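Have a look at this one.
The values are calculated or read from the model by the stated rules, or taken from the named source; none is laboratory data. Given the structure is predicted, the values throughout are model-derived calculations rather than measurements. Glycine gets a Cβ as well: all are built from the backbone with ideal geometry, and neighbour counts include every protein chain shown.
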Amino acid sequence: MDHGKTTLVQALTGQWASRHSEELKRGITIKLGYADAAIYKCPSCDDPECYCVSKDCPKCGGEAELQRAVSFVDAPGHEILMATMLSGAAVMDGAILVIAANEQCPQPQTREHLAAIEAVGLRNLIIVQNKIDLVSQEDALKNYGQIKAFIKGSIAEKAPIVPVSAQQEINIDLLVQAMERHLPTPERDSSLSPRMYIIRSFDVNKPGTMVEDIVGGVLGGSITQGSFRMGDEVEIRPGLPTRQKNKIKMRELFTEITSLHVGGTAVEEAMPGGLAGVGTMLDPSLTKSDGLVGSLVGKPGTLPPVLEKLVLDYELFENVVGSKEGEKVARVAKGEKLLLNVGTAKTMGDVVEIKKSAMEASLSIPVCADTGSRVAISRRMGGRWRLIGVGTISG
């Protein structure tokens, strides 16, 4: 994980707050990191100094007013981890694209991050030009020009570019102001049946825990609609993979919610927005090491169907994302094996039918998804999965 992104999250949250993965702190993880923060506004100060991330205003020392709580999902920056990055982007309402001022722009991972943002349909975006303390004003302006040229004609063309030094905490107030103006909290319909994407799952029991003290598996994710309450019975779909006659079949799981945490605080009810931790009565062996990532959680009988094949309307990019040579995307061929990201799920798809703008793929691992869901399409090239297009489930 890029040190600059980690430092930026620390500046916005006061800590690097992934509570379940020590390797995140060492910067060598392929997992998604996440942290929570609160945005405050001081009524006594002018823009942008009035914005801060603590209840004590750093400018005047007065008491700032809470505006909203936000959660950060930090996807790994390395381009070989595209599938993990797409899983993180699937639960985001907006994105902060971090670009280092002391590097040539764009880097391969920057191209892939922007492509991931476009692939999952994100529209709200801020660009952070980080590490401005490491370059001269002349070089910072040169890098700014490179960023503007890179985003021209893309979904990010009109996104604000905020120069920041996360290490020195320079312009953090400007960044928070940009978040308030350009990354709004979307409208949610709490009357819908609850649904949550699972992006992490854990066994939180320490080695040597006595049997009577073992707690059930924990699910981490983002609630997209409805709300969950303590004691709710829930279904997890597609759930647990089982092998039948050399094919992987999925078995849905049913359990009860035993605890709810939002922003590190125990709550009785969890609403849409941000990241939630859901304690369950599941055998922790099922949730350890992200064993249930890619599944959905909802009330029994309300989740989308489990699909063993996907029929997609698709569109290929002109160039292979992340290719330094600007390699053209070749047409998809019948019999080709592709990596497909649907929500937070990733699966292999064997192309069984192909037309100019539609394809049918048989899945190695079934997924749970609605018609109309977006699908990111990647092809293995040079030992890496490269994003080559996007699709929509049509049947």
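Matching residues to (1) surrounded by 22 or more Cβ atoms within 10 Å (Cβ to Cβ); (2) modelled with pLDDT of 70 or more; (3) not in a loop (DSSP other than H, G, I, E, B):
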site	(1), (2), (3)
8	yes, yes, yes
44	no, yes, no
82	yes, no, yes
92	no, yes, no
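Report whether or not residue 358 is modelled with pLDDT of 90 or more and of a type in the set (Gly, Ala, Ser).
Yes; evaluated as a whole, the condition is true for this residue.
For every residue, the table says whether it meets (1) buried (at least 20 other Cβ atoms within 10 Å of the Cβ); (2) under 15 Å from the mean Cα position of the chain (by Cα).
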site	(1), (2)
107	no, no
111	yes, no
116	yes, yes
120	yes, yes
123	no, yes
132	yes, no
135	no, no
142	no, no
153	no, no
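Given (1) surrounded by 17 or more Cβ atoms within 10 Å (Cβ to Cβ); (2) out of contact with any helix residue (DSSP H, G or I) (no Cβ under 9 Å at 6 or more places or on another chain); (3) at pLDDT below 90, where does residue 246 come up short, assuming only one miss?
(1)
Would you check which residues across the stretch 147-180 are in a loop (DSSP other than H, G, I, E, B), of a type outside the set (D, E, K, R) and more than 15 Å from residue 95 (Cβ to Cβ) and list them?
153, 164, 166, 167, 168, 171
Now for a separate question. Is it true that residue 273 is surrounded by 14 or more Cβ atoms within 10 Å (Cβ to Cβ) and either among the small types (Gly, Ala, Ser) or in a loop (DSSP other than H, G, I, E, B) (or both)?
It is true that residue 273 is surrounded by 14 or more Cβ atoms within 10 Å (Cβ to Cβ) and either among the small types (Gly, Ala, Ser) or in a loop (DSSP other than H, G, I, E, B) (or both).
Further question on the same structure: When you check residue 223 against the structure, is it surrounded by 14 or more Cβ atoms within 10 Å (Cβ to Cβ), closer than 21 Å to residue 293 by Cα and at pLDDT below 95, yes or no?
yes
OK, next. Could you please find all residues in the stretch 181-194 being surrounded by fewer than 21 Cβ atoms within 10 Å (Cβ to Cβ) and not hydrophobic (A, V, I, L, M, F, W, C)?
181, 182, 184, 185, 186, 187, 188, 189, 190, 191, 193
Can you tell me how many residues in the stretch 57-76 are over 15 Å from residue 176 (Cα atoms) and either surrounded by fewer than 18 Cβ atoms within 10 Å (Cβ to Cβ) or at pLDDT 80 or above (or both)?
Count: 4.
For the stretch 162-180, what are the residues that are under 21 Å from the mean Cα position of the chain (by Cα) and surrounded by fewer than 20 Cβ atoms within 10 Å (Cβ to Cβ)?
Answer for the stretch 162-180, where residues must be under 21 Å from the mean Cα position of the chain (by Cα) and surrounded by fewer than 20 Cβ atoms within 10 Å (Cβ to Cβ): just 180.
Does residue 140 meet the test of being within 29 Å of residue 41 (Cβ to Cβ), among the aliphatic types (A, V, I, L, M), outside any loop (DSSP other than H, G, I, E, B) and touching a helix residue (DSSP H, G or I) at 6+ places or on another chain (Cβ under 7 Å)?
So residue 140 passes the test.
Of all residues in the stretch 298-317, count the ones that are at positive phi and hydroxyl-bearing (Ser, Thr, Tyr).
Number of matching residues: 0.
I need the full set of residues from the stretch 377-388 which are buried (at least 17 other Cβ atoms within 10 Å of the Cβ) and out of contact with any Gly (no Cβ under 8 Å at 6 or more places or on another chain), in order please.
378, 379, 385, 388
Quick check on the stretch 188-225: of everything there that is β-branched (Val, Ile, Thr) and over 13 Å from residue 285 (Cα atoms), which residue is farthest from the chain's Cα centre (by Cα)?
Selected residue: 211.
Residue 23 is checked against (1) closer than 28 Å to residue 224 by Cα; (2) modelled with pLDDT under 90; (3) of a type in the set (Asp, Glu) and fails just one. What number does that condition carry?
With (1) closer than 28 Å to residue 224 by Cα; (2) modelled with pLDDT under 90; (3) of a type in the set (Asp, Glu) applied to residue 23, the lone miss is (1).
For the stretch 204-219, indicate whether the set of residues that are modelled with pLDDT of 90 or more, in contact with a helix residue (DSSP H, G or I) (Cβ under 9 Å, 6 or more places away or on another chain), in the same structural domain as residue 276 (by TED's automatic domain parsing) and not in a loop (DSSP other than H, G, I, E, B) is non-empty.
Looking through the stretch 204-219, at least one residue is modelled with pLDDT of 90 or more, in contact with a helix residue (DSSP H, G or I) (Cβ under 9 Å, 6 or more places away or on another chain), in the same structural domain as residue 276 (by TED's automatic domain parsing) and not in a loop (DSSP other than H, G, I, E, B).
Testing residue 242 on (1) free of Cβ contacts under 8 Å to residues at least 40 places away in the same chain; (2) under 20 Å from the mean Cα position of the chain (by Cα), one condition comes back false. Which one is that?
(2)
In addition: Test residue 219 against the stated conditions and say whether it is touching a residue at least 40 places away in the same chain (Cβ under 8 Å), out of contact with any Lys or Arg (no Cβ under 6 Å at 6 or more places or on another chain) and under 27 Å from residue 373 (Cα atoms).
Spelling it out, residue 219 is indeed touching a residue at least 40 places away in the same chain (Cβ under 8 Å), out of contact with any Lys or Arg (no Cβ under 6 Å at 6 or more places or on another chain) and under 27 Å from residue 373 (Cα atoms).
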